[in-house]
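**Q** If you scroll down you'll find the structure; I have some questions about it.
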Amino acid sequence: MVLRKMNDLKALATKGQRRKLVLAAAQDHFSLNAVMQACADGIIEPVLVGAKSEIDAIAQEFGHSLEGIKVIDEPDMEKSVELSVRMVNRKEADVLMKGKVGTSTLLKCVLNKEWGLRTGNLLSHFALFEVKTYHKLIAVADVAMNIAPNLQDKIAIVDNSVACLNKLGIPMPKVAVLGAVEMVNENMEATLHAALLSKMNQRDQIRNCIIDGPLAFDNAVSYESARHKGIMSDVAGDTDLLLMPDIEVGNVLYKSLVFFANAKVAGVILGAKAPIVLTSRSDSEEAKYYSIILAAAAS
Ligand code: COD
């Protein structure tokens with residue numbers, strides 16, 4: 001199956017029962033509007049946790065009826081995140097979403113040892129893009145959680161991302177491990193990691209995907225560019241997942257695709273007890289809506 005458009009995810013997101021989504025610190029109009037749209041589209045059943053007076057005011061301003069929707073009044077931001085995380089921990093919700101709260105505050109609650117959403121696996125961020133100049137949706141990891149992943153972390157990031165792509169109907173995703181160059185250079189750690197990941201994949205130590213690297217960005221997304229450089233690769237030009245060397249490269253690519261290439265984007269945290277919708281505060285309402293669809297499709 002080839003996913004070409006974000007809207008292609010809707011069929012997966014609406015399969016089976018509606019997912020229950022809890023929006024932590026729900027007094028954020030971009031998040032609330034996206035949640036109400038996904039609810040109207042039959043994708044999720046929301047629970048709103050946060051400052052009720054502000055939630056009501058936003059609902060009134062944007063014409064949302066909250067009739068039949070569970071709203072839990074908790075004006076304290078950190079407590080509202082804790083309540084939301086605990087609900088997912090107790091399996092009272094299938095998806096957690098970040099509202100008007102900083103990324104690291106939410107992640108620290110998610111990582112709480114007593115009532116958080118740890119599973120024993122590494123948690124990682126997964127972003128999915130629809131870019132006009134590429135022939136299918138393309139995923140990028142990790143652009144928002146793991147700051148400087150080591151080799152073991154990168155294996156876990158690939159595993160989380162591949163499991164998600166498998167759920168999205170791509171049985172054998174093609175993974176490009178990015179570097180600045182396509183040759184192994186001992187002074188560039190990303191190229192060493194890439195070579196090791198490729199070999200581990202060949203030896204079946206990392207499964208359910210085809211990994212190649214190091215690949216520079218141009219070879220990863222353009223077959224012509226790879227051929228021009230004489231690179232023989234099953235991944236080049238047909239990549240499903242770009243594995244980033246670190247958070248800075250990932251975050252700059254994410255923002256470049258959105259701001260320069262007008263890409264559509266969805267973002268979730270994987271590897272926890274449930275998918276977590278995590279977009280940055282500068283992301284649009286549309287990005288939040290697509291992230292909800294992605295989380296529902298991946299749950
Ligand atoms: N998966 C599982 N467990 C983790 C992870 C992870 N990715 N990261 C940390 N842990 C565990 C550690 O094993 C430890 O037990 C505990 O959590 C605390 O670990 P620290 O001290 O390394 O982590 P924190 O609490 O200082 O920070 C964790 C964050 C995720 C908050 C941190 O890595 C972070 O700030 N990441 C970047 C988030 C961000 O600002 N993104 C914005 C880009 S838009």
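The values are calculated or read from the model by the stated rules, or taken from the named source; none is laboratory data. Owing to the predicted nature of the structure, the values given are computational and were not obtained by experimental measurement. No Cβ is skipped: glycine too gets one built from the backbone with ideal geometry, and neighbour counts run over all protein chains shown. All accessible areas refer to the heavy atoms of the entire protein, side chains included, with ligands and DNA or RNA removed. Shrake-Rupley method; radii C 1.70, N 1.55, O 1.52, S 1.80 Å.
**Q** Using the Cα gyration tensor of the chain, with a ≥ b ≥ c the square roots of its eigenvalues, what is the shape: rounded (a/c below 1.5), prolate (a/b larger than b/c) or oblate (neither)?
**A** Prolate, because a/c is 1.5 or more and a/b exceeds b/c.
**Q** Here is a follow-up. Of all alpha-carbon pairs in region 124-259, indicate the percentage at a distance above 23 angstrom.
**A** Numbers: 2136 of 9180 pairs.
Summing the P(r) of region 124-259 above 23 Å gives 23 percent of all pairs.
**Q** Using only alpha carbon pairs under 8 Å that are at least six residues apart, calculate the relative contact order of the chain and give it in whole percent. Could the numbers behind the result be given before it?
**A** On the way: 633 pairs, mean separation 70.1, N = 299.
For the chain, the relative contact order is 23 percent.
**Q** Given a Förster radius of 35 Å and the C-beta distance between SER65 and SER256 as r, what FRET efficiency does 1/(1 + (r/R0)^6) yield to the nearest 0.05?
**A** Efficiency computed from Cβ-Cβ geometry: 0.35.
**Q** Using DSSP to define loop residues, name the trypsin sites (Lys or Arg not before Pro) in region 1-78 whose beta-carbon has at most 12 other beta-carbon atoms within 10 Å.
**A** Answer in residue order: ARG4, LYS5, LYS15.
**Q** Determine by what factor the alpha-carbon radius of gyration of region 69-108 differs from 2.2 N^0.38 Å, reporting the quotient.
**A** Compared with the compact-globule rule of thumb, region 69-108 sits at 1.11.
**Q** Could you please state, rounded to a whole Å, how far the C-alpha centre of region 230-299 is from the C-alpha centre of region 1-63?
**A** If we compute the Cα centre of each part, the gap is 19 Å.
**Q** Oh, and also: Using mean Cβ contacts within 10 Å as the protection proxy, how do 97-109, 137-149 order, highest first?
**A** 137-149, 97-109
**Q** I've got another one for you. State the extension gain, in nm to one decimal, for the chain segment bounded by ASN7 and ARG227, taking 0.36 nm per residue of separation less the distance between their alpha-carbons.
**A** 76.0 nm
**Q** Over region 124-259, what relative contact order in percent results from Cα pairs under 8 Å that are six or more residues apart?
**A** 31
**Q** List nothing, just return the count: lysine pairs in region 180-299, 8 or more apart or interchain, with Cα separation under 28 Å.
**A** For region 180-299, the number of qualifying lysine pairs is 8.
**Q** Accessible area of ASP159, 1.4 Å probe, to the nearest 10 Å²?
**A** 70
**Q** Name the shape class, rounded, prolate or oblate, that the alpha-carbon gyration tensor gives for region 78-160, where a ≥ b ≥ c are the square roots of its eigenvalues, rounded holds for a/c under 1.5, and otherwise prolate holds if a/b is larger than b/c and oblate otherwise.
**A** Prolate.
**Q** Counting other Cβ atoms within 10 Å of each Cβ, which GluC sites (Glu not before Pro) in region 19-69 have at most 12 and sit in a DSSP loop?
**A** Passing sites in region 19-69 are GLU67.
**Q** Give me the accessible area of SER256, 1.4 Å probe, in Å² rounded to the nearest 10.
**A** Solvent-accessible area, nearest 10 Å²: 50 Å².
**Q** Then there is this: Can you list which of the GluC sites (Glu not before Pro) found in region 169-238 are DSSP loop residues with at most 10 other C-beta atoms within 10 Å?
**A** GLU186
**Q** If I model a spin label as a point 7 Å beyond the Cα along the Cα-Cβ vector, how far apart are those points for GLU248 and ALA148 in nm?
**A** Between GLU248 and ALA148, the label points sit 1.0 nm apart.
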